[in-house]
Amino acid sequence: MLDKMKQLWEMKKKMDELKKELDSLVLASEDNLVKVSITGSQEIKSVEFKCDPAATDKARLQKSLAETVNRAIKESQKSAAQKMSSLGGIPGLGM
């Protein structure tokens, strides 16, 4: 029982470290209209327009922003999954 508690405590420490890493990791996704920066924990840090929004077709700009945010989220998820896999699961819990 004590060994399991120790393993869980160690895993919690590793997960806390992982969360700090993901919070500090900043990824960017961009196209010719917008640039989105997101953390590894999927918090949007910035959205930059690389064009004049007033001079750009609204529907095109909206589509570009949605696609760029979705790409940034996917990259963030990939990075988080890679870092999580390095932990090797939780011993004794079948993970």
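Every read-out reported here was derived from the displayed coordinates using simple, explicitly stated rules and does not represent laboratory data. What you are looking at is a predicted structure, and each value in this text was computed from that prediction instead of being measured. Cβ placement follows ideal geometry from the backbone for every residue including glycine, while neighbour counts extend to all protein chains displayed.
So I have [x] 141; [y] 87; [z] 98, and one of them is volume of the Cα convex hull per residue in Å³ calculated from this model. Which one is it?
[y]
Name the residue farthest towards the positive end of the dipole of segment 1-76 from the options VAL69, ILE44, MET1, assuming +1 on Cβ of Lys and Arg, -1 on Cβ of Asp and Glu, about the Cα centre.
Going by the charge dipole, the pick is MET1.
Please give, to one decimal in nm, the separation of the simple spin-label points placed at ALA59 and SER46, each 7 Å out from Cα toward the Cβ.
For the pair ALA59/SER46, the computed spacing is 3.2 nm.
Measure nothing but the geometry: give the 0 to 90° angle between the long axis through the Cα atoms of 2-24 and the longest principal axis through the Cα atoms of the chain, rounded to 10°.
Helix 2-24 sits at roughly 20 degrees to that axis.
As I understand it, the value is the acute angle between the Cα axis of helix 58-85 and the longest principal axis of the Cα atoms of the chain; what does it come to in degrees, rounded to 10?
On a 0 to 90 degree scale, this one is about 20.
Which of the pairs LYS12/LYS35; LYS35/LYS78; LYS14/LYS74; LYS14/LYS78; LYS4/LYS83; LYS20/LYS74 have their Cα atoms more than 25 Å apart in this structure?
Too far apart for the 25 Å limit: LYS12/LYS35.
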